[in-house]
1. Could you check the stretch 249-297 and list, in sequence order, the residues that are among the β-branched types (Val, Ile, Thr), free of Cβ contacts under 8 Å to residues at least 60 places away in the same chain and part of a strand (DSSP E or B)?
2. Condition first: crowded, with 21+ Cβ neighbours inside 10 Å and closer than 19 Å to Pro181 by Cβ. Now tell me which residues in the stretch 133-154 satisfy that.
3. Any residue in the stretch 41-54 that is within 13 Å of Gly16 (Cα to Cα) sitting within a Cβ distance under 7 Å of a residue that is polar (S, T, N, Q) and part of a helix (DSSP H, G or I)? List the pairs, counting only those 6 or more apart or interchain.
4. So which residues in the stretch 382-404 are buried (at least 18 other Cβ atoms within 10 Å of the Cβ) and aliphatic (A, V, I, L, M)?
5. Please determine whether any residue of the stretch 92-106 is part of a helix (DSSP H, G or I) and touching a Pro at 6+ places or on another chain (Cβ under 9 Å).
6. Just to be sure before I move on: is Glu87 among the acidic types (Asp, Glu), in a loop (DSSP other than H, G, I, E, B) and in contact with an Asp or Glu (Cβ under 9 Å, 6 or more places away or on another chain) in the structure I sent?
7. Quickly run through the stretch 349-386 and pick out the residues that are touching a strand residue (DSSP E or B) at 6+ places or on another chain (Cβ under 6 Å) and small (Gly, Ala, Ser).
8. Can you find a residue in the stretch 362-371 that is basic (Lys, Arg) and surrounded by 23 or more Cβ atoms within 10 Å (Cβ to Cβ)?
Amino acid sequence: MDIDTIKSVYFIGAGGIGMSALVRFFLSKEKKVAGYDRTPSELTEKLIEEGADIHYKEDVDLIPDSFRSKEETLVVYTPAIPQDHQELKFFVENGFEIHKRSQVLGMITRSAKGLCVAGTHGKTTTSTMAAHLLHQSHIDCTAFLGGISKNYGTNLILSDKSEFIVIEADEFDRSFHWLSPYMSVITATDPDHLDIYGTKEAYLESFRKYTTLIQPGGCLIIRKGVTLKPEVQDGVKVYTYSKDEGDFHAENIRIGNGEIFIDFVTPTETIRDVQLGVPVTINIENGVAAMALAWLNGVTAKEIKDGMASFRGVDRRFDFKIKNDKVVFLSDYAHHPAEIKQSVISIRELYRDKKITAIFQPHLYTRTRDFYKEFAESLSLLDEVILVDIYPAREQPIPGVSSQVIYDNLGPGIEKMVCRKEDILDVLKDKKIEVLITLGAGDIDNYVPEIQKLLNNR
């Protein structure tokens, strides 16, 4: 099916962060857009305001008539939707063209220069940062982001003049194998999604295959030290990057007074005195990768400096909600042990003399089962840990797997407790808080506004 000729697009699972960017893309192309999501959210309500027809009940009768022609309708679904979903079954049984989100992104990248960011962690911030650098430069870009950019208030950036499309390349269920990148960053390959892949070796193999998809004439920008031997086609250049070594890196790092400045080193020039708009140490490495992608595609040194200084970050990625002399409160999406470790180290560098408390909601029973010792190790870098129940997402409970297994493996001397997420406010009410961070990819973020209100009113 040709994206330019279809008239209607129906989404099953319209409210996910990645799916909603596609909803907005097709609305911008003046297609009819409708779909289903399980629960209302701020995001789905915004999509309805923008022109999408979304309902929340699994019911074939709620599919509008204008989406019942298989010749004119493209159906897009998220892998989180079960195969026995009634609306999905209807489209399958009636011979509609049905694609995953990643397949549709793949169609889009074939007609443009796809700049993709893959990796276990860091990809949302890095891709959003790269998109901002390009969009505010003379190069410009379209971008499908894995989070809400604070600069633009959306997960979709549109351009009617640029040939570049920035995409967060998701390794979940091998989705990124549908892409045809012109250039790609790989940030990390720490094993994850073992419920899908089975073994660490299979996970790494998936990334190796992904590197074979980069188009000749393009580039791979891979973090130095990752456990991956890329296998690129002839005509694909390979660059390395990291915080302090590689073809692209930072030097002369200056941290102080709530600011971070670096010199950005490229293979042919050094761009001096680059200021990080979101001054946390984890963003030095993310920034190097984003700047490398922008620099290789013609963004000037001045545009890079201006873009990095004006970058405001991503919702739920080191997202400061309160930052004053009394208390600091931030929300972070980190849900893998390596991500949590990086986040905690970054916080510790900023607030060396403060007590740091985290509320952590584990995401998935399988991930908790596979990595509970690693979670405990990363969380043990904190002063205090409050664990809430596991967010199940698509999974059923696994006997013997709960937040308690992380609790039992936390290091000595850590203040710790387990509570229901519904009791978080009561727990915090009388607790002395200096620096507080919520961690996790589930619905813990729903409690952030009330936590913010509680801390502000002290």
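1. Ile253, Ile260, Ile262, Val265, Thr270, Ile271, Val274, listed by residue number.
2. Once the filter is applied, which keeps residues that are crowded, with 21+ Cβ neighbours inside 10 Å and closer than 19 Å to Pro181 by Cβ, the stretch 133-154 yields Leu133, Leu134, His135, Cys141, Thr142, Ala143, Phe144, Leu145, Gly146.
3. Leu43/Ser20; Leu47/Ser20; Ile54/Thr44
4. Leu382, Val385, Ile386, Leu387, Val388, Ile390, Val401 - these are the residues of the stretch 382-404 that are buried (at least 18 other Cβ atoms within 10 Å of the Cβ) and aliphatic (A, V, I, L, M).
5. yes
6. It is false that Glu87 is among the acidic types (Asp, Glu), in a loop (DSSP other than H, G, I, E, B) and in contact with an Asp or Glu (Cβ under 9 Å, 6 or more places away or on another chain).
7. Ala358
8. Looking for residues that are basic (Lys, Arg) and surrounded by 23 or more Cβ atoms within 10 Å (Cβ to Cβ), one finds at least one in the stretch 362-371, hence yes.
The values are calculated or read from the model by the stated rules, or taken from the named source; none is laboratory data. Source: prediction; values computed, not measured. For neighbour counting, all protein chains shown are included, and Cβ atoms are generated from backbone atoms with ideal geometry for every residue, glycine included.
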